Amino acid sequence: MTDIRHCAIIGGGVIGGGWAARFLLAGLDVTVFDPHPEAERRLREMVALAGRAWAKLISAPLPPLGNLHFAVSLQEAVRHADLIQESAPEVESIKQTILAEIDRFAKPDALICSSTSGLLPTQITARMTHPERFTVAHPFNPVYLLPLVELCGGEKTSVETIARAKAFYAGIGMHPLHVRKEIDGFIADRLLEALWREALWLVHDGVATVEEVDDAIRFGAGMRWAFMGTFQVYRLAGGEAGMRHFMAQFGPTLKLPWTKLMDVPDFTDELVDLVAAQSDDQSGHWKFRDLEAKRDDCLIGIMRSLKTQDFGAGATLAGFEKVLRDRATDSDAEALRLYEGRVPAEWIDYNGHMTESRYLEIFGYTTDALLARIGMDDAMLAKGFSYYTVETHLRHLDEAKQGEAFVATTQLLKHDDKRLHVFHSLFHEDGRLLATAEQMLLHVDMKAHRAAPAAPEVLSILDGIAASHCTLPVPDGAGRSIGQR
Ligand SMILES: NC(=O)C1=CN([C@@H]2O[C@H](COP(=O)(O)OP(=O)(O)OC[C@H]3O[C@@H](n4cnc5c(N)ncnc54)[C@H](O)[C@@H]3O)[C@@H](O)[C@H]2O)C=CC1
Ligand SMILES: C[N+](C)(C)CC(=O)CC(=O)[O-]
């Protein structure tokens with residue numbers, strides 16, 4: 001763990017939102033400045049999406065979520081931050097102004113990073129007084145899932161800054177790649193842009209639709225790129241004779257007019273309309289958030305599978321889970337806070353306090369929140385799978401009055417592929433324990449009307465929660481029956 005605990009994000013769009021989510025999930029506090037009126041809503045939605053993704057991805061105890069705050073000015077956002085992640089629009093003059101302002105208001109020891117996709121660090125830091133503490137930290141969308149972050153310093157960036165940034169990003173589950181030469185586009189976007197150019201030409205020339213271009217990637221090379229990149233893949237394509245044979249055989253084709261390389265198609269209205277219309281044909285039936293969730297689920301599948309191979313991004317994930325396990329102390333582990341609210345007037349009975357059935361109602365909502373947390377979502381229901389509660393032992397311990405606030409927490413006692421044994425606790429806002437409910441749930445195949453093993457992704461989330469909750473003491477009252485002293 002580094003000394004960085006509080007991060008500021010300037011520009012909370014697609015990338016700033018992704019950073020906010022990754023930082024918060026890693027337990028860091030985050031302050032965001034973005035003048036756009038919709039920025040906070042969009043960013044909070046992204047944090048929710050990322051929380052869902054991490055719950056599915058990571059089988060290790062996560063630290064408590066960091067605190068999220070929206071500042072009304074850049075100065076307010078950066079003044080207490082240990083790290084500032086500039087994620088404003090990709091315009092050199094905007095970045096120069098913002099970085100100069102960050103430099104002016106940040107703490108002297110703050111690390112200043114930019115998410116730029118390809119602008120030169122020396123250029124964008126031209127107006128900073130202390131560019132030695134600056135580095136580009138270029139992420140990939142979705143930032144909360146993809147581990148790569150390219151670090152590229154400018155002429156004045158210090159060696160310590162790069163070392164500090166490397167340690168920080170590695171500590172939040174990323175793979176920092178130091179781009180040692182300052183170049184436009186760094187490494188990854190140079191490659192991505194070459195592919196993007198060729199793709200546009202293929203559509204422009206009527207050779208293929210956007211869908212056909214995507215199919216050419218996703219059913220072939222794209223799958224192997226995910227874990228081997230280009231050089232390792234081509235080494236194997238050279239057969240036993242390896243890279244030398246591959247180069248001898250396919251080197252000459254590079255001279256054939258296969259690619260357009262530096263030619264950029266003009267972004268005429270016709271081309272933009274063509275690409276946009278074909279993209280609508282391909283994906284217009286998807287709601288934006290659903291397509292994001294599908295992308296995330298596919299990435300999670302790839303990363304979890306790579307983890308079993310201890311290879312590429314899977315090895316990074318395994319390393320991060322180890323860090324999380326090592327970092328988790330008994331005091332870090334805590335029951336999940338799943339449901340909170342206030343006692344409404346209609347819940348009050350003739351005794352002047354919350355009536356008994358409402359306790360079970362609250363625990364029912366708590367169970368629903370737990371099921372959502374472990375990935376038992378609408379898609380799972382649509383497939384015909386759910387959890388049913390088969391037993392509850394409810395203890396009424398104290399009373400709550402109208403308007404009083406409460407919070408319900410859950411400790412996972414035990415689980416296997418079909419059973420879920422949980423212990424809910426209901427606390428009054430003043431800290432009094434109001435009630436507990438110990439429940440057994442069964443995973444059910446609703447079409448077959450019988451218990452069935454839960455999906456591996458659900459079980460892996462449960463494994464992650466169990467890894468944390470096994471350090472908690474057995475709650476007082478667990479395993480009790482009526483009349484027992
Ligand atoms: N979208 C992508 O795929 C990737 C983008 N990047 C880089 O991340 C940076 C941000 O890009 P996106 O998030 O895609 O853009 P975006 O348009 O989604 O977000 C930019 C945000 O900056 C805010 N903003 C504008 N002026 C501001 C100011 N003066 N102060 C604070 N906030 C301001 C906007 O309101 C907006 O919410 C760019 O440098 C981009 O090159 C890096 C990797 C991938
Ligand atoms: C399009 N882009 C240049 C902003 C893309 C990136 O920088 C990285 C990514 O996520 O593809």
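So the values come out like this:
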read-out: Residue match in the range 442-454 (condition: in contact (Cβ under 8 Å) with a residue 40 or more places away in the chain, within 31 Å of the chain's Cα centre (by Cα) and buried (at least 20 other Cβ atoms within 10 Å of the Cβ)); value: yes
read-out: Scope the range 140-157; condition open to solvent by 10 Å² or more (accessible area, probe 1.4 Å) and either among the acidic types (Asp, Glu) or within 14 Å of ligand 2 (Cβ to nearest atom) (or both); matching residues; value: PHE140, ASN141, LEU146, PRO147, LEU148, GLU155
read-out: Per-region count, the range 3-15, residues open to solvent by less than 40 Å² (accessible area, probe 1.4 Å), in a loop (DSSP other than H, G, I, E, B) and more than 20 Å from LEU49 (Cα to Cα); value: 1
read-out: Pairs where the first residue, in the range 337-358, is farther than 18 Å from LEU394 by Cα and the second is surrounded by fewer than 15 Cβ atoms within 10 Å (Cβ to Cβ), C-beta under 6 Å, 6+ apart; value: ARG342/GLY403; ARG342/ALA405; VAL343/GLN402; ALA345/GLN402; ILE348/GLN402; ASP349/THR355
read-out: Any hit, the range 455-468, residues being free of Cβ contacts under 8 Å to residues at least 12 places away in the same chain, open to solvent by 40 Å² or more (accessible area, probe 1.4 Å) and closer than 17 Å to THR389 by Cα; value: no
read-out: Verdict on THR409 being part of a helix (DSSP H, G or I) and either at pLDDT below 95 or closer than 18 Å to GLY477 by Cβ (or both); value: no
read-out: Among (1) more than 16 Å from ligand 2 (Cβ to nearest atom); (2) surrounded by 22 or more Cβ atoms within 10 Å (Cβ to Cβ) - the single one GLY18 does not satisfy; value: (1)
read-out: Matching residues, the range 159-190, being within 13 Å of ligand 2 (Cβ to nearest atom), modelled with pLDDT of 95 or more and assigned to a helix (DSSP H, G or I); value: ALA188, ASP189
read-out: Test: residue in the range 237-259 that is within 16 Å of ligand 2 (Cβ to nearest atom) and among the β-branched types (Val, Ile, Thr); value: no
read-out: Residues (within 12 Å of ligand 1 (Cβ to nearest atom), in contact with an Asp or Glu (Cβ under 9 Å, 6 or more places away or on another chain) and not in a loop (DSSP other than H, G, I, E, B)) located in the range 141-158; value: GLU150
read-out: Single residue of the range 35-74 satisfying the filter (open to solvent by 40 Å² or more (accessible area, probe 1.4 Å) and of a type in the set (D, E, K, R)) that is farthest from ALA318 (Cα to Cα); value: GLU38
read-out: Top-ranked residue of the range 110-140 - restricted to ones that are part of a helix (DSSP H, G or I) and farther than 19 Å from ILE94 by Cβ, ranked as nearest to ligand 1 (Cβ to nearest atom); value: ARG133
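Yes/no per residue for (1) within 16 Å of ligand 2 (Cβ to nearest atom); (2) surrounded by 18 or more Cβ atoms within 10 Å (Cβ to Cβ); (3) in a strand (DSSP E or B):
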| site | (1), (2), (3) |
| --- | --- |
| GLU76 | no, no, no |
| ILE84 | no, yes, yes |
| GLU90 | yes, no, no |
| PRO108 | no, no, no |
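The values are calculated or read from the model by the stated rules, or taken from the named source; none is laboratory data. From a predicted model like this one, the values you see are computed outputs, not experimental measurements. Every residue, glycine as well, gets a Cβ built from its backbone with ideal geometry; the counts of neighbours run over all protein chains shown. Areas reflect the complete protein model, heavy atoms only, side chains present, ligands, DNA and RNA absent. Shrake-Rupley method; radii C 1.70, N 1.55, O 1.52, S 1.80 Å.
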